[in-house]
1. How large is the accessible surface per residue of region 306-360, computed with a 1.4 Å probe and reported in Å² as a whole number?
2. Please label the shape of region 174-289 as rounded, prolate or oblate, based on the square roots a ≥ b ≥ c of the eigenvalues of the alpha-carbon gyration tensor (a/c under 1.5 means rounded; beyond that, a/b larger than b/c means prolate, else oblate).
3. Based on the Cβ-Cβ distance from residue 160 to residue 349, what FRET efficiency comes out when R0 is 30 Å, to the nearest 0.05?
4. Between residue 356 and residue 273, how high is the FRET efficiency from 1/(1 + (r/R0)^6) when r is the Cβ-Cβ distance and R₀ = 25 Å? Nearest 0.05.
5. Which loop-located GluC sites (Glu not before Pro) does region 271-360 contain, where loop means any DSSP state but H, G, I, E or B and the Cβ has at most 13 other Cβ atoms within 10 Å?
6. Cα centroids of region 329-360 and region 202-247: how far apart, whole angstrom?
Amino acid sequence: MDYCEYTFKDFIEDPVFIKWVLMSNPDLNLFWENWLLVYPEKLEEVKQARELILAFQYKKYPHDEKQKRKTWAAIERMTEQDESNPEEKLKIFPFYPDQNERAKPTNNTFFKIVVKWAAVFMGILLMSLLIINQIDNQLTEGEEIIVRVNKINPKGQKSKISLPDGSIVYLNGASNISYAPNFSTSKREIILSGEAFFEVAKDSLRPFVVIADKLITTALGTSFNIKAYPEDQEVSISLLTGGVSVQQQDSVDPALFLNPGEAAGLSHAGILIRKEFNYEQDILWKDGILYFKETRLKEAFQRLEKWYGVSFNLQNLPRRPVIITGKFDNENLNNVLLSLSYTSNFTYSIKNEEVVVFFK
């Protein structure tokens with residue numbers, strides 16, 4: 001799931017999000033708090049989705065076909081009601097077996113959201129709640145719900161993470177990984193969004209699998225880099241040591257095998273190709289070295305945003321293409337911009353976490 005692309009509708013139909021809102025869980029609390037640090041622009045949609053879910057004051061009741069029919073019948077009746085009176089609409093929803101226990105909305109904001117997003121979203125919410133209830137009812141005594149470990153870096157932060165099998169992950173800024181606390185008995189699976197360098201501990205019985213966007217990278221013991229930011233034109237894998245296989249999810253095409261010093265890329269068009277390996281550009285970031293080689297202006301400033309945790313306001317952009325080249329070893333932002341300003345002909349000012357760049 002790629003929560004950074006979620007809308008209000010996606011949040012209210014997501015069982016994990018609903019469970020976080022309705023049930024106290026330290027792991028989920030930590031995940032969503034950290035996630036909002038990385039994607040603060042989603043805060044308003046998250047707050048609205050939480051308000052809508054909490055307004056229902058959901059209580060468990062048996063999940064059966066009769067209840068499903070009752071729910072959808074209510075949704076159909078609601079679509080026929082006058083939208084000018086949302087409070088009346090709520091009265092026909094079968095929230096509880098006893099209608100006298102029906103939750104009462106507490107503020108006008110909720111009603112505005114109900115009118116805005118209409119009946120179908122409420123139906124999605126109710127069915128999601130029913131799904132959660134069904135899952136809970138199916139769990140027998142002694143069964144355990146496994147909550148995945150989530151490691152999230154906001155922009156401007158890098159970290160070194162030790163995994164349960166002894167593998168090491170260098171996680172770049174604006175990136176996150178998730179994995180089961182002790183992996184499984186058959187494989188070691190990581191889900192990645194953003195960029196990370198992996199030093200994989202050898203385990204001949206359990207392949208090390210990284211899922212990034214629509215690409216699956218499999219290894220036993222090796223070291224490699226994966227770059228899979230949502231805004232990038234492609235997902236790229238660069239192999240430093242050992243060997244990996246790279247394959248698209250849900251594809252019948254054969255896997256692409258990489259040898260040390262080789263790289264692969266998957267475009268948005270779904271084309272997987274072998275590509276040039278560039279050690280300085282692909283690997284050195286984990287050692288604090290920022291490297292540009294004939295990098296386009298937009299891509300360069302996107303990397304600077306992730307690297308230093310700032311936002312750029314680019315003004316008076318030139319019509320001609322601007323290409324940036326440079327290597328910076330653990331330099332602060334001011335020194336990097338000062339150097340680039342000479343070659344790219346711009347001035348800049350830094351105020352808190354915003355940088356205004358004006359091209360001459």
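The values are calculated or read from the model by the stated rules, or taken from the named source; none is laboratory data. Being a predicted model, the structure only gives us computed values, none of them experimental. Here the Cβ is made from the backbone with ideal geometry for all residues, glycine too, and neighbour counts use every protein chain on show. Heads up: the accessible areas ignore ligands, DNA and RNA and are worked out on the full protein's heavy atoms, side chains in. Shrake-Rupley method; radii C 1.70, N 1.55, O 1.52, S 1.80 Å.
1. On the way: 3530 Å² over 55 residues.
With all protein chains present, region 306-360 gives 64 Å² per residue.
2. On the way: a/c = 1.30, a/b = 1.15, b/c = 1.12.
Verdict is rounded for region 174-289.
3. Values: r = 33 Å, r/R0 = 1.11.
Here the calculated transfer efficiency is 0.35.
4. Working: r = 39 Å, r/R0 = 1.54.
Between residue 356 and residue 273 the formula returns 0.05.
5. Numbers: sites: 276, 280, 294, 299, 305, 331, 353, 354; in loops: 276, 331, 353.
In loop regions of region 271-360 (DSSP not H, G, I, E or B), the sparsely surrounded GluC sites (Glu not before Pro) are 276, 353.
6. Between the Cα centre of region 329-360 and that of region 202-247, the gap is 34 Å.
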